[in-house]
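Colleague: Can you keep this structure in mind? I'll have questions shortly.
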Amino acid sequence: DVFRTSIVTGFPYDKSVERVVIIGNGIAGVTAADHIRRRHPKCEIHLVGRERPHLYNRMGITRLIYGRSAMQGLYLLPEQWYEDFNVTCWLNTQVTAVDSTAQQVTLGTGETLAYDRLILTTGSQSFVPPIEGFGMPGTFVLRTADDAMAIRTYVQEYACRQAVVAGGGLLGLEAAYGLHKLGIAVTVLERSPALLSRQLDGQGAAFLAAQLAQMGITILLESEVATVKADEAAEAERSHPGTIQLKDGRSLPCELLLVAAGIRADLELAQRAGVQTNRGIVVDAQMRTSNPYIFAAGDVVEFDGALEGLWPAAVSQGTIAAANAVAAAGAPLQAYAPAAPVTTLKVAGIDLTTIGRFEASGSDEVTVALAEEQTNKYRKLVIAGGQIAGAILLGYPEEAAGVTEAVRQKLDVLNQLPALRAGDWSGLRKLVD
């Protein structure tokens, strides 16, 4: 549990750091607050979040579309936690300015907060490509709990029965499943020739598409929205989607359009603070920005040219930013080392886990690929230097923990190759038994 808070004994904290301000109360920001308090018992911690709720499981928000319990079960910490560990929360609060010279942030309410250290965990925003008509009622993105609940409200108010999801990535597929669970006919548009091209090879993508089709979700590959057209029967001042036109000229009925075309780091405050940005806030391995008093973590961060955008990376980066932000001068600093990315698709009836890369990059690397055509199940390993460098597990939830543990331990699996090729992966499962 990330938040089983304990004091880090013997940690040399900087007593001159009297106030830390963290902008963003997602997993990176709250992790940072937690780990600052573990190390620095006395400093003020101010956690500023623009959303209304406390920290919640953002990976579970599609449940807000089809589930009846709203936010119940999504919160990750009891409200008492913030009081117990003396973290001052500013919810539903925007930061309008960062003055890095005066070391002060200005809130949308007009109030100001001085800081000795600032940690930026501003996350990312949904990217919407140019789509004529996007922005009318009935067109959505899905990034926050409020977005998900607004979709559920709209579906009920307008009795929607046909929806289009523009984007066949992990979020788009999970959103499509959420709408499907509400009894809506859903079409997913993916501009690439295959689904999840960053996580799956061609065989895995084809099997996944077949599984989704069996559920009743329509997938259209190499398809993009050009225009959202209003329902001609709707009143002009209350226009809502009726059809969409694709870039190839085809038209589809559409009463609700959800765009899940990717994310972009939210850099506005970082740029106002004058720190170096590229696609994200540029940080070193200590999560330091170009300003020695400003750190960053989470989806907004660009480290070694990459933006990871994954929950485990945000937790690790928030921990490291916190420890280094309050460390005494001369104390050893923690360093971030990216792990092989692990992604999962959270759709009932489909078990997909991908780890690292899915193609061999040289003749000295080994690939093990096993397919079950009848059931659309597929598993694949990429082995480099004797260790698992990547995996695809579609329909094999029982194998995910063992493969992940083998990657984490950097286990040499060459002696298991004959068994792995024969479909016996019990040797990996034993790692977690």
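Colleague: Just the residues that are under 22 Å from the mean Cα position of the chain (by Cα) and either buried (at least 20 other Cβ atoms within 10 Å of the Cβ) or not basic (K, R) (or both), please, taken from the stretch 260-279.
Modeller: Here is the first cut: in the stretch 260-279, the residues under 22 Å from the mean Cα position of the chain (by Cα) are 260-270, 277-279.
Correct list: A260, A261, G262, I263, A265, D266, L267, E268, L269, A270, T277, N278.
Colleague: Where residues in the stretch 51-69 are of a type in the set (K, R) and more than 14 Å from the chain's Cα centre (by Cα), which of them is farthest from L182 (Cα to Cα)?
Modeller: Step one: filter the stretch 51-69 for residues of a type in the set (K, R), giving 52, 58, 63, 68.
If we keep only those that are more than 14 Å from the chain's Cα centre (by Cα) too, we end up with 52, 63, 68.
Values: R52: 26, R63: 11, R68: 11 Å.
Only one residue fits best here, namely R52.
Colleague: Moving to a separate point now. Filter the stretch 396-433 for residues that are touching a residue at least 60 places away in the same chain (Cβ under 8 Å) and crowded, with 16+ Cβ neighbours inside 10 Å; which is farthest from A348 (Cα to Cα)?
Modeller: Step one: list which residues in the stretch 396-433 are touching a residue at least 60 places away in the same chain (Cβ under 8 Å), which gives 404, 407-408.
Adding the requirement that they be crowded, with 16+ Cβ neighbours inside 10 Å leaves 404, 407.
Details: T404: 21, V407: 26 Å.
Taking the candidates together, the pick is V407.
Colleague: Would you check if E255 is touching a strand residue (DSSP E or B) at 6+ places or on another chain (Cβ under 9 Å), under 30 Å from Y158 (Cα atoms) and open to solvent by 40 Å² or more (accessible area, probe 1.4 Å)?
Modeller: Details: touching a strand residue (DSSP E or B) at 6+ places or on another chain (Cβ under 9 Å): yes; under 30 Å from Y158 (Cα atoms): yes; open to solvent by 40 Å² or more (accessible area, probe 1.4 Å): yes.
Yes.
Colleague: Also, quick follow-up: Of all residues in the stretch 317-338, count the ones that are touching a helix residue (DSSP H, G or I) at 6+ places or on another chain (Cβ under 6 Å) and assigned to a loop (DSSP other than H, G, I, E, B).
Modeller: Here the count works out to 4.
Colleague: Go through the stretch 289-311 residue by residue and tally those that are of a type in the set (A, V, I, L, M), under 15 Å from H35 (Cβ atoms) and assigned to a loop (DSSP other than H, G, I, E, B). Break it down into steps so the answer makes sense when it comes.
Modeller: Of the residues in the stretch 289-311, the ones of a type in the set (A, V, I, L, M) are 294, 296-297, 300-301, 306-307, 310.
Then keep just the ones that are under 15 Å from H35 (Cβ atoms); that gives 296-297.
Among the residues that remain, those that are also assigned to a loop (DSSP other than H, G, I, E, B) are: 297.
The number of residues fulfilling the criteria is 1.
Colleague: With the condition kept exactly as written, say whether any residue in the stretch 51-71 is on the phi > 0 side of the Ramachandran plot, touching a residue at least 24 places away in the same chain (Cβ under 8 Å) and out of contact with any strand residue (DSSP E or B) (no Cβ under 7 Å at 6 or more places or on another chain).
Modeller: Narrowing the stretch 51-71 to residues on the phi > 0 side of the Ramachandran plot: 70.
In the following step, the residues that additionally are touching a residue at least 24 places away in the same chain (Cβ under 8 Å) were identified as 70.
From the residues that got through so far, the ones that are out of contact with any strand residue (DSSP E or B) (no Cβ under 7 Å at 6 or more places or on another chain) too are 70.
Yes, because at least one residue in the stretch 51-71 is on the phi > 0 side of the Ramachandran plot, touching a residue at least 24 places away in the same chain (Cβ under 8 Å) and out of contact with any strand residue (DSSP E or B) (no Cβ under 7 Å at 6 or more places or on another chain).
Colleague: Tell me, which residue of the stretch 348-387 that is open to solvent by less than 10 Å² (accessible area, probe 1.4 Å) and farther than 30 Å from L182 by Cα is farthest from the chain's Cα centre (by Cα)?
Modeller: Applying the filter and picking the extreme gives G386.
Colleague: On to the next question. How about the stretch 280-296: which of its residues are open to solvent by 50 Å² or more (accessible area, probe 1.4 Å) and touching a residue at least 60 places away in the same chain (Cβ under 8 Å)?
Modeller: Residue satisfying the conditions is Y293 alone.
Colleague: Give me the pairs, please: first residue somewhere in the stretch 218-233 and surrounded by fewer than 18 Cβ atoms within 10 Å (Cβ to Cβ), second residue anywhere and β-branched (V, I, T) and modelled with pLDDT of 95 or more, beta-carbon distance under 6 Å, and either six or more positions apart or on two chains.
Modeller: Filtered contacts from the stretch 218-233: T218/T187; K229/T243.
Colleague: Test A323 against the stated conditions and say whether it is touching a strand residue (DSSP E or B) at 6+ places or on another chain (Cβ under 9 Å), small (G, A, S) and modelled with pLDDT of 95 or more. So that I can check it myself, show each step before the final result.
Modeller: Working: touching a strand residue (DSSP E or B) at 6+ places or on another chain (Cβ under 9 Å): no; small (G, A, S): yes; modelled with pLDDT of 95 or more: yes.
For A323, the condition - touching a strand residue (DSSP E or B) at 6+ places or on another chain (Cβ under 9 Å), small (G, A, S) and modelled with pLDDT of 95 or more - is not met.
Colleague: Identify the single condition in (1) open to solvent by 20 Å² or more (accessible area, probe 1.4 Å); (2) within 26 Å of the chain's Cα centre (by Cα) that R39 does not satisfy, given that it satisfies every other one.
Modeller: (2)
Colleague: Okay, next question. So how many residues does the stretch 350-368 have that are more than 14 Å from V403 (Cα to Cα), assigned to a loop (DSSP other than H, G, I, E, B) and in contact (Cβ under 8 Å) with a residue 40 or more places away in the chain?
Modeller: 1
Colleague: Keeping to the stretch 117-143, report how many residues are touching a helix residue (DSSP H, G or I) at 6+ places or on another chain (Cβ under 9 Å), on the phi < 0 side of the Ramachandran plot and not aliphatic (A, V, I, L, M).
Modeller: Filtering the stretch 117-143 for residues touching a helix residue (DSSP H, G or I) at 6+ places or on another chain (Cβ under 9 Å) gives 117-123, 126, 137-138, 140-143.
Among the residues that remain, those that are also on the phi < 0 side of the Ramachandran plot are: 117-122, 126, 137, 140-143.
Okay, now just the ones that are also not aliphatic (A, V, I, L, M), so 117, 121-122, 126, 137, 140, 143.
Of the residues in that region, 7 qualify.
Colleague: Kindly establish whether A314 is at pLDDT 95 or above and either among the charged types (D, E, K, R) or part of a loop (DSSP other than H, G, I, E, B) (or both). Give the derivation first.
Modeller: Values: at pLDDT 95 or above: yes; either among the charged types (D, E, K, R) or part of a loop (DSSP other than H, G, I, E, B) (or both): no.
For A314, the condition - at pLDDT 95 or above and either among the charged types (D, E, K, R) or part of a loop (DSSP other than H, G, I, E, B) (or both) - is not met.
Colleague: Do any helices (runs of 4 or more DSSP H) entirely within the stretch 369-433 hold 2 or more residues that are polar (S, T, N, Q), and if so, which? Lay out the reasoning, then the answer.
Modeller: Numbers: elements: 397-409, 417-421, 426-429.
Ranges flagged: 397-409.
Colleague: Sticking with this structure for a sec: Restricting the first residue to the stretch 325-340 and requiring it to be farther than 15 Å from F295 by Cβ, which pairs with a second residue that is outside any loop (DSSP other than H, G, I, E, B) and among the hydroxyl-bearing types (S, T, Y) meet a Cβ separation below 7 Å and a spacing of at least six or different chains?
Modeller: A328/Y13
Colleague: What's the number of the condition R4 fails, among (1) surrounded by fewer than 20 Cβ atoms within 10 Å (Cβ to Cβ); (2) modelled with pLDDT of 95 or more; (3) among the basic types (K, R)?
Modeller: Looking at each condition in turn, R4 falls short on (2).
Conditions tested, residue by residue: (1) among the hydroxyl-bearing types (S, T, Y); (2) surrounded by fewer than 19 Cβ atoms within 10 Å (Cβ to Cβ); (3) touching a residue at least 40 places away in the same chain (Cβ under 8 Å).
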residue	(1), (2), (3)
A166	no, no, yes
K181	no, yes, yes
V186	no, no, no
L189	no, no, yes
G202	no, yes, no
A206	no, yes, no
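Colleague: Now for a different question. For the stretch 119-161, which residues satisfy the criterion of being of a type outside the set (G, A, S), part of a helix (DSSP H, G or I) and surrounded by 15 or more Cβ atoms within 10 Å (Cβ to Cβ)? It would help to see each step written out before you state the result.
Modeller: Step one: list which residues in the stretch 119-161 are of a type outside the set (G, A, S), which gives 119-122, 125, 127-132, 134, 136-137, 139-144, 146-147, 149, 151-158, 160-161.
Filter once more, so that each one left must be part of a helix (DSSP H, G or I): 146-147, 149, 151-157.
Answer for the stretch 119-161, where residues must be of a type outside the set (G, A, S), part of a helix (DSSP H, G or I) and surrounded by 15 or more Cβ atoms within 10 Å (Cβ to Cβ): D147, M149, I151, R152, Y154, V155.
Colleague: Being at pLDDT below 95 and open to solvent by less than 40 Å² (accessible area, probe 1.4 Å) is the requirement here; does G390 meet it?
Modeller: On the way: at pLDDT below 95: no; open to solvent by less than 40 Å² (accessible area, probe 1.4 Å): yes.
Considered against the rule, which asks whether it is at pLDDT below 95 and open to solvent by less than 40 Å² (accessible area, probe 1.4 Å), G390 comes out as no.
The values are calculated or read from the model by the stated rules, or taken from the named source; none is laboratory data. Keep in mind that what you see is a predicted model, and the values were worked out from it rather than measured. Glycine gets a Cβ as well: all are built from the backbone with ideal geometry, and neighbour counts include every protein chain shown. Remember, those area values only see protein heavy atoms, side chains included, never the ligands or the DNA or RNA. Shrake-Rupley method; radii C 1.70, N 1.55, O 1.52, S 1.80 Å.
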